[in-house]
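The next block holds one structure in the form of C-alpha cells; read it before the comments.
The values are calculated or read from the model by the stated rules, or taken from the named source; none is laboratory data. This one's a predicted model, so the numbers in the text were calculated from it and none came from an experiment. In this analysis, Cβ positions are derived from the backbone assuming ideal geometry, glycine residues included, and neighbour counts consider all displayed protein chains.
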Amino acid sequence: MATVESVCVYCGSSNQVNPKYLRVAADLGRFLATRGCRIVYGGGSTGLMGALADAALEAGGEVIGVIPDHFYVPELAHTGLTRLEVVPDMHTRKARMAQLADAFVALPGGFGTWEELFEVLTWAQIGLHQKPVGLLNAFGFYDRLLDFIRHAREEGFLYKDHEDLLLARPDPQSLWEALIAFRPKPLHKWLTQPKSSP
C-alpha cells in the first residue's frame, strides 16, 4: 500500500470553463486537506488551480505552489499559500513538483495539464519513479483520452501494465482509495521483449 502524504495536482488555469469543473477542483482540495495530505501544484490563482488551492487552504490544508519566474506576476501567482517557490523555468518547476510529491493527480485541463500527466506516466513506464499516477475523470472529461490509450495498447504501442499505470476514477474518494492501494510491480521493458515472428 502506498504512503501518500503529498499529492502533486495538475490542472487547468483558465477561468473560462464550466463552473462544474471549478467545483470538482475545490472538492479535491477540501478532500485532501481533511485527510492531512499536502497539495503541491503550479502556484496559480486562477481557474481550477485557484479553486483547488483556495478550498484546501480554507479547510486548513497545506498547499505548496511551484511557479516559474515568467508566471510570477500579480494576476497569476497565488499569494496566500503555505509556501510559494519561484523557479527559473518550466523544466525546473516540473522536477521540483515531482520531488515534493508521493503521488500525482491530473484534473481536467488543457495542453499543459496533459503534458505534465504524460511526463510522469512516462517516467513511471521507464522506471524513474514508482509513485501512483491518478486521473480524476470528472463528468467523463477524459473518456475519449482513456479510449485512445486503450486503442494505443490494442495497436501494440503500450503494454497492459503501462495502461494500468494510469488510475482513472470519477471522484476524489475513489481516486484516493486507488492511490493508497497502489502497489508498483515490475514492468515490461521494450528492449527485453522477445521479437515478434515475421
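Odds and ends about this structure:
- From the options THR46, THR92, residue that is closer than 30 Å to ARG144 by Cα, among the polar types (S, T, N, Q) and out of contact with any helix residue (DSSP H, G or I) (no Cβ under 9 Å at 6 or more places or on another chain): THR46
- Boolean, PHE141 is surrounded by 15 or more Cβ atoms within 10 Å (Cβ to Cβ) and either closer than 18 Å to SER6 by Cα or touching a Cys at 6+ places or on another chain (Cβ under 8 Å) (or both): no
- Filter pass, ARG153 being modelled with pLDDT of 95 or more and either in a loop (DSSP other than H, G, I, E, B) or over 13 Å from the mean Cα position of the chain (by Cα) (or both): yes
- Being among the hydroxyl-bearing types (Ser, Thr, Tyr) and touching a residue at least 60 places away in the same chain (Cβ under 8 Å) is a condition met by no residue of the range 71-83.
- Within the range 17-75, the set of residues being over 24 Å from GLU177 (Cα atoms), assigned to a helix (DSSP H, G or I) and at pLDDT 95 or above comprises PRO19, GLY47, GLY50.
- Apart from one condition, LEU158 fits all of (1) within 23 Å of GLY65 (Cα to Cα); (2) without any contact (Cβ under 8 Å) to a residue 60 or more places away in the chain; (3) surrounded by 12 or more Cβ atoms within 10 Å (Cβ to Cβ); (4) in contact with a helix residue (DSSP H, G or I) (Cβ under 8 Å, 6 or more places away or on another chain); the exception is (1).
- Every condition in (1) touching a Phe, Trp or Tyr at 6+ places or on another chain (Cβ under 6 Å); (2) surrounded by fewer than 20 Cβ atoms within 10 Å (Cβ to Cβ) is met by VAL9 except one, and the failing one is (2).
- Filtered residue count, the range 31-56, keeping only those that are surrounded by fewer than 19 Cβ atoms within 10 Å (Cβ to Cβ) and closer than 24 Å to PRO132 by Cα: 3
- Evaluation of GLU119 against (1) charged (D, E, K, R); (2) more than 18 Å from the chain's Cα centre (by Cα); (3) in a helix (DSSP H, G or I) (one fails), failing number: (2)
- Of all residues making up the range 3-16, the number that are in contact with a strand residue (DSSP E or B) (Cβ under 9 Å, 6 or more places away or on another chain) and part of a loop (DSSP other than H, G, I, E, B): 4
- Positions within the range 165-186 being charged (D, E, K, R) and at pLDDT below 95, in sequence order: ARG183, LYS185
- Checked against (1) without any contact (Cβ under 8 Å) to a residue 40 or more places away in the chain; (2) buried (at least 23 other Cβ atoms within 10 Å of the Cβ); (3) of a type in the set (Ser, Thr, Tyr), THR92 meets all criteria but (2).
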